[in-house]
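Colleague: Submitted below is the structure of interest, expressed as structure tokens.
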Amino acid sequence: MTITFRADRREFLRISAIAGGGLLLGTYLEGATAVEAFAATRTPGAADFAPNAFIRMTPDGIVTIVNKNPEIGQGVKNMLPMLIAEELDVEWKNVRVVQADLDTTKFQNQSAGGSTATPINWLPMRRVGAAGRAVLVAAAAETWGVPASECTTSAGSVMHRGSNRKAAYTELLAKAATLTAPALESVTLKDPKDFTIIGKSTKGVDVPAIVTGKPIFGMDVSVPGMLYAVYHKCPVFGGKATAANLDEIKALPGVKHAFIIEGTTTPEGKPNLAGLVGGVAIVADTWWTAQSARKSLKVTWNEGATATQSSKGFQAQADAFAAGAPQRNLRKDGDADAALAAAGVKTVKAAYFYPFINHAPLEPQNATAHWKDGKMEIWCPSQTPQGGRGLVSRTLSIPEDAITVHLTRMGGGFGRRLYNEPMVEAAAIAKEVGVPVKLVWSREDDMRYDQYRAAGWHYFTGGVDGSGKLVAWRDHFVSFGEGDRFAPSAGMGGGDFPARFVQNFSLDTSVMPTGVPTGALRAPGSNGIAFAVQSFIDEMAEAAGKDPLQFRIDLLSNQVVADPAPAAGQQGPPPGLDGKRMIGVLELVREKSGWGKPLPKGTGMGVAFHFSHRGHFAEVVQATVAKDGELRIDRVWVAGDIGSMIINPSNAENQTQGAVLDGIAEALGQEITIENGRAVQSNFNNFPLIRLKESPPVEVHFKITEFAPTGLGEPSLPPVVPALCSAIKQATGKRVRTLPLSKHDLSWKA
């Protein structure tokens, strides 16, 4: 990850006095451009990354720091202020964090996704704090008539060692407000050895509110005069309502409005499944009244073309693709066909499948909107509020500057809230009825109208030579899309492992169209690809007669193909998998797990690794399978390399453990199947979350390296699924090539 800063010499900080002798630092960081952007967080025409942070210091010693990004449970509401507070050199106990609303004149890229918050903000937010500290040092130096270079700071005070003078920041606020701040590029950052906040476990700033039930989530929003809405959509993705018994519904007690909303279409004329989908709105004085009235709805639907699609049909099409020539090649190194046919090469073929998956956040989708005097005000738990505002603007023909978006905390999302259908639905309903409206999806809505993790198929052929070396790899990857384009988050890149580490490598693909909406789910792409690729790596290690962990280290030790150098004047792609860094975490997890220790019958250990979102992770799972097939996951060991600093260790451990348990839940029993163009699963009874009794201890270890810190919300998830399946193979002798595990008989005989 490379971040380029382009700041001119104009004043970086605008400083003004505030009532009561306080100091307000309005900090503007101009033009920080991320080479690798998380595509789903960007809107058309999005320019440079230019965040804006505010620091408010008052005479009572309280430092208020604004968190600009949405808080989805990833800990960013602590992390970004921690970076600022560290360089400002104040004590965390005196910091108060407030959540910003969407404000693109002060903040840019107010988003949560792709584990980008740390790499994008690591330097910018520290510089924000350091610039504030520099102003306070200058105020003390001028007051004392000494050079600023002779002054130091600590815990909210400035010291001059030569004269043994000391002043609390609170004594310097008025003076600091009269000074000009330094340019961003000139500020001096702390030596990491002097950190007092970064690297220390810090309790979540919202924890007291969460455990006492304070209203901080989108579901908690209440506006005077508010009505409640449900929105009934066609069971078939993209279908439209042509008629409904609206008069009967409006006559029901408590129902205020009922009407059909026409959906929008994409530029290609297809239903916009990530926008305003057509349906029937019911607005009532309580949500339960609206939801109850919904049961009396009688709607005539035009189901559209997707009604002919099904999971069985997709499987048949994938198998047909596998039997023929692929549509196109994504990467080719050497000659895989010739290497596979060479004398002495042992070949293995296997087909892997992973299904559609729902995001399943505990807080269902919701939004509150109020249309008044030509302006729209929205309260919404969105990972991409700027994108949501743009969607509302385009859909309802409202200028963006007439739309106010308040950011609420989110009860989970995992990528689901990158998409803003609830925001535009609530806005459309509110504009129609002219009073504040709170739209809440039912659990069934949340399950049946998702932007699902795309299903995928991998048809592998691999070869090892007489020495046990992997010499050939061919993957015919079947997914969804049209022509040369994959459906959203359904693709695979030519650089994905084991590309560059196998001399003879071919990644081919074929795609089929689908009306099922797909999107980014935690560790998008990687959450399925890692299962298939790492499981087949295990099969190749078995064919080679090698220990699966050492086989991986040997493979990573020799990068045989280099990526092409960028053209003159062009910047290369962002860093990908680093073999040495991955070997480091494999060695760490081998040590911590006691890999290779004797195990009783029915117990196995599996290992896997994956690189995603700039994070290198390797994991070992120990699992026991009873003879009748009952699975118990005994323990998971995680080793991760996310750079030189773990900003908030307790949160880092929490994020890692949560991601691992999330991956286990996906593997155990989660699947969305499609019949007649609609999702079969409707609630947690047939799309189960992980239970406490299924949740193993997760032991987390980080390998500190010299690289810049990177994000953590996603990269620890992908390896756990193949590691679990490998452990099952060792315990039972049965290889799992399709998910979920609930469809497999894992019983075994001694």
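The values are calculated or read from the model by the stated rules, or taken from the named source; none is laboratory data. Bear in mind that the values here come from a model prediction, so they are computed numbers and not experimental data. Counting neighbours? That spans all protein chains shown, and the Cβs are built from the backbone with ideal geometry, glycine included.
Listed here are the residues, each with its yes/no results for (1) touching a strand residue (DSSP E or B) at 6+ places or on another chain (Cβ under 8 Å); (2) part of a loop (DSSP other than H, G, I, E, B).
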{"site": "THR368", "(1), (2)": "yes, no"}
{"site": "SER382", "(1), (2)": "yes, yes"}
{"site": "PHE414", "(1), (2)": "no, yes"}
{"site": "PRO422", "(1), (2)": "yes, no"}
{"site": "TYR459", "(1), (2)": "yes, no"}
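Colleague: Among strands (runs of 3 or more DSSP E) lying entirely in the stretch 117-170, which contain 2 or more residues that are more than 30 Å from VAL76 (Cβ to Cβ) and assigned by TED's automatic domain parsing to the domain that holds GLY615?
Modeller: none
Colleague: What's the number of the condition LEU521 fails, among (1) out of contact with any Lys or Arg (no Cβ under 6 Å at 6 or more places or on another chain); (2) under 30 Å from THR656 (Cα atoms); (3) modelled with pLDDT of 95 or more?
Modeller: With respect to (1) out of contact with any Lys or Arg (no Cβ under 6 Å at 6 or more places or on another chain); (2) under 30 Å from THR656 (Cα atoms); (3) modelled with pLDDT of 95 or more, LEU521 is out only on (1).
Colleague: So, ALA258, is that one in the same structural domain as TRP371 (by TED's automatic domain parsing), among the hydrophobic types (A, V, I, L, M, F, W, C) and exposed (fewer than 14 other Cβ atoms within 10 Å of the Cβ) or not?
Modeller: The answer is no for ALA258.
Colleague: Among the candidates ALA623, ALA679, ALA723, which residue alone is among the aliphatic types (A, V, I, L, M), farther than 24 Å from GLY114 by Cβ and buried (at least 24 other Cβ atoms within 10 Å of the Cβ)? Full working, then the answer.
Modeller: Details: ALA679 fails: buried (at least 24 other Cβ atoms within 10 Å of the Cβ); ALA723 fails: farther than 24 Å from GLY114 by Cβ.
Selected residue: ALA623, the only one of ALA623, ALA679, ALA723 that is among the aliphatic types (A, V, I, L, M), farther than 24 Å from GLY114 by Cβ and buried (at least 24 other Cβ atoms within 10 Å of the Cβ).
Colleague: Can you name the residue in the stretch 326-352 that is closer than 25 Å to GLY545 by Cα and not aliphatic (A, V, I, L, M) and is also farthest from the chain's Cα centre (by Cα) among such residues?
Modeller: GLY344
Colleague: Here's another thing I want to ask about it. Would you check which residues across the stretch 595-646 are touching a Leu at 6+ places or on another chain (Cβ under 7 Å), assigned to a loop (DSSP other than H, G, I, E, B) and aliphatic (A, V, I, L, M) and list them?
Modeller: ILE642
Colleague: If you don't mind, another one. Before we move on, is GLY468 surrounded by fewer than 24 Cβ atoms within 10 Å (Cβ to Cβ), free of Cβ contacts under 8 Å to residues at least 40 places away in the same chain and outside the structural domain of PHE237 (by TED's automatic domain parsing)?
Modeller: The answer is no for GLY468.
Colleague: If you take the residues in the stretch 170-215 that are at pLDDT 95 or above and touching a Leu at 6+ places or on another chain (Cβ under 9 Å), which one is farthest from SER650 (Cα to Cα)?
Modeller: The selected residue is LEU189.
Colleague: Looking only at the stretch 449-472, which residues are over 18 Å from ALA322 (Cβ atoms) and either under 28 Å from the mean Cα position of the chain (by Cα) or of a type in the set (Phe, Trp, Tyr) (or both)?
Modeller: Result: TYR449, ASP450, GLN451, TYR452, ARG453.
Colleague: From the set of residues in the stretch 587-620 that are more than 19 Å from ASP496 (Cα to Cα) and charged (D, E, K, R), which is surrounded by the most Cβ atoms within 10 Å (Cβ to Cβ)?
Modeller: Here the residue is ARG590.
Colleague: Which of (1) under 24 Å from the mean Cα position of the chain (by Cα); (2) buried (at least 18 other Cβ atoms within 10 Å of the Cβ); (3) part of a loop (DSSP other than H, G, I, E, B) does GLY495 not meet, given it meets every other one?
Modeller: (2)
Colleague: Please determine whether any residue of the stretch 170-180 is among the basic types (Lys, Arg), out of contact with any helix residue (DSSP H, G or I) (no Cβ under 9 Å at 6 or more places or on another chain) and surrounded by fewer than 24 Cβ atoms within 10 Å (Cβ to Cβ).
Modeller: For the stretch 170-180, residues among the basic types (Lys, Arg), out of contact with any helix residue (DSSP H, G or I) (no Cβ under 9 Å at 6 or more places or on another chain) and surrounded by fewer than 24 Cβ atoms within 10 Å (Cβ to Cβ): absent.
Colleague: When you go through LYS240, LYS214 one by one, which is the residue that is more than 27 Å from the chain's Cα centre (by Cα) and of a type in the set (D, E, K, R)? Walk me through how you get there before you give the answer.
Modeller: Numbers: LYS214 fails: more than 27 Å from the chain's Cα centre (by Cα).
LYS240 is the lone residue from the list that is more than 27 Å from the chain's Cα centre (by Cα) and of a type in the set (D, E, K, R).
Colleague: Report, ordered by the first and then the second residue, all pairs with beta carbons closer than 6 Å, sequence separation of six or more or different chains, a first member in the stretch 617-646 that is over 10 Å from VAL698 (Cα atoms), and a second member that is among the basic types (Lys, Arg).
Modeller: Hits for this filter: GLN622/ARG635; THR624/ARG632; ASP641/ARG581; ASP641/LYS703.
Colleague: Within the stretch 205-212, identify whether any single residue is surrounded by 14 or more Cβ atoms within 10 Å (Cβ to Cβ) and either within 30 Å of ALA708 (Cβ to Cβ) or in the same structural domain as GLU706 (by TED's automatic domain parsing) (or both), and answer yes or no.
Modeller: yes
Colleague: Now, a different point. Could you please give the count of residues in the stretch 98-143 that are closer than 24 Å to ARG522 by Cβ and aromatic (Phe, Trp, Tyr)?
Modeller: Number of matching residues: 1.
Colleague: While we're on this one: Please pick out the residue among LYS743, LYS693 that is over 18 Å from VAL636 (Cβ atoms) and exposed (fewer than 14 other Cβ atoms within 10 Å of the Cβ).
Modeller: Working: LYS693 fails: over 18 Å from VAL636 (Cβ atoms).
From the options LYS743, LYS693, the qualifying one is LYS743.
Colleague: Please tell me if GLY596 is closer than 30 Å to SER467 by Cβ and not hydroxyl-bearing (Ser, Thr, Tyr).
Modeller: yes
Colleague: So in the stretch 149-162, with the set limited to residues that are of a type outside the set (Ser, Thr, Tyr) and surrounded by 15 or more Cβ atoms within 10 Å (Cβ to Cβ), which one is nearest to ASN94 (Cα to Cα)?
Modeller: Step one: list which residues in the stretch 149-162 are of a type outside the set (Ser, Thr, Tyr), which gives 150-151, 155-156, 158-162.
Now restrict to residues that are surrounded by 15 or more Cβ atoms within 10 Å (Cβ to Cβ): 151, 156, 158-160.
Values: CYS151: 22, GLY156: 9, VAL158: 16, MET159: 19, HIS160: 23 Å.
In this case the residue turns out to be GLY156.
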